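Worksheet for the structure shown next.
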Amino acid sequence: MKRPVNEAIAEAARRITDETFVRAILTGSRKSKKPDFQRVDLRPVLIKGELKIQSISHDGKKDFTSNIPPNIEALVVLLDSGFSNVIVDSTNESYQIQITKKDEAITGIGKTKLERELDHDHKKQRLLPEDHEVFRALEMADSSGKIKASKRDKYIQIDQLLRLIEPTLSKFQKGDKIQVVDLASGSAALTLAVHAYLSERFKVATTGIERNQELINKVRIASDSAGLEGIEFRCASIKEANLDAIDVVLALHACDTATDDAIDVVIGSLPTGALIVPCCHKTRTSTAQAEVEKLPFFGNDGIVDERLLDLAMDALRAERLREAGYSVEIVEFVGDEHTARNVLIRASKL
Ligand SMILES: C[S@@+](CC[C@H](N)C(=O)[O-])C[C@H]1O[C@@H](n2cnc3c(N)ncnc32)[C@H](O)[C@@H]1O
């Protein structure tokens, strides 16, 4: 639903002060004004018996934590400081605002089932809980619903991906069917978890494309055992997949030529959004190589050369998407203690 920005923001502030409020996420940047932070997370906390809103602001490098009074005027100032995406989750509803380039607010309301926790030092609340059926089906969680130590990094990657996807998708009104395609879906932990999470909020159809038939067989078993509906896997190479009517392309750690094949699919089919986490850069183009080799300090240190080439390659990928009409951001996907491949290219047609 389209609404004036001030009305949509006042509604978000009111929800944050409500006793059912669980968390809010502020991300993105408006065309007309830029926020001071890349992202702000809000949640209610009880400090010495007094209710506050804990604010964790992230500037791309560090988190800054403060506790602010649950005061509507102060919240309106924060919410109106330039963010283009706002999600306010309460125990049973998710209220979402997307502010367009024309400074119009598109709002939507989805269903949630969350618990409100007020303790000051509680562990970070993950978007899909550890005991979600999908993690047992993927053998990432043990029978008591606890993520296995060896799978914790994957679990954190999944949580981070969901946080990055959520603002991109919040523009869809509830009831619309979102067609998601995951290219090079591999063992599909991310695909299944993303589908499980999105289908609790939107009507969503997901297709995983993977060229390894054995992986597909395993993934189908996991998907059935998690009771997921509206998801299918096809054994094909990305180039031969013949995809159409896509809304969102995912290509996560797609190795070999797959990251660039996925970008070709995006440019050919023009979905509304794409989230691409490049993998091993086997297809560094000669353009990237030639540009980087011009740098006077190139050739002195192997590891520096490698990283310069990787970054140049990702910058060129982002440029291809911009030339195809996308607004593109390159952000950190997840801390590099969890994976070395931690750059995410987020492209949106909004
Ligand atoms: C590192 S895994 C990533 C899997 C998954 N996306 C993830 O993030 O966990 C890369 C997968 O890409 C698949 N792959 C590589 N090139 C492909 C292509 N051209 N078409 C389809 N699948 C491809 C491989 O078979 C492998 O399963």
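Values computed for the structure shown
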read-out: Any hit, region 291-301, residues being in contact with a helix residue (DSSP H, G or I) (Cβ under 8 Å, 6 or more places away or on another chain), in contact (Cβ under 8 Å) with a residue 12 or more places away in the chain and of a type in the set (D, E, K, R); value: yes
read-out: Residues located in region 35-55, provided they are farther than 16 Å from I72 by Cα and either of a type in the set (S, T, Y) or in a loop (DSSP other than H, G, I, E, B) (or both); value: P35, D36, F37, Q38, K48, G49
read-out: Condition met for K123 (modelled with pLDDT under 90 and assigned to a loop (DSSP other than H, G, I, E, B)); value: yes
read-out: Any hit, region 178-191, residues being part of a strand (DSSP E or B), at pLDDT 85 or above, closer than 28 Å to E210 by Cα and touching a Gly at 6+ places or on another chain (Cβ under 7 Å); value: yes
read-out: Some residue of region 33-55 being surrounded by fewer than 18 Cβ atoms within 10 Å (Cβ to Cβ), among the hydroxyl-bearing types (S, T, Y) and on the phi < 0 side of the Ramachandran plot; value: no
read-out: Residue check for R201: in contact (Cβ under 8 Å) with a residue 60 or more places away in the chain and under 16 Å from Q179 (Cβ atoms); value: yes
read-out: Of all residues making up region 176-206, the number that are small (G, A, S), under 20 Å from Q157 (Cα atoms) and away from the ligand (no atom under 12 Å from the Cβ); value: 2
read-out: Which numbered condition I56 fails, given (1) closer than 22 Å to V5 by Cα; (2) under 24 Å from the mean Cα position of the chain (by Cα); value: (1)
read-out: Test result for I72, modelled with pLDDT under 90, β-branched (V, I, T) and farther than 29 Å from E332 by Cβ; value: no
read-out: Hits in region 244-297 - residues which are within 12 Å of the ligand (Cβ to nearest atom), in a loop (DSSP other than H, G, I, E, B) and closer than 21 Å to A193 by Cα; value: C255, C279
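The values are calculated or read from the model by the stated rules, or taken from the named source; none is laboratory data. As the structure is a prediction and not an experimental result, all values here were calculated from the model. No Cβ is skipped: glycine too gets one built from the backbone with ideal geometry, and neighbour counts run over all protein chains shown.
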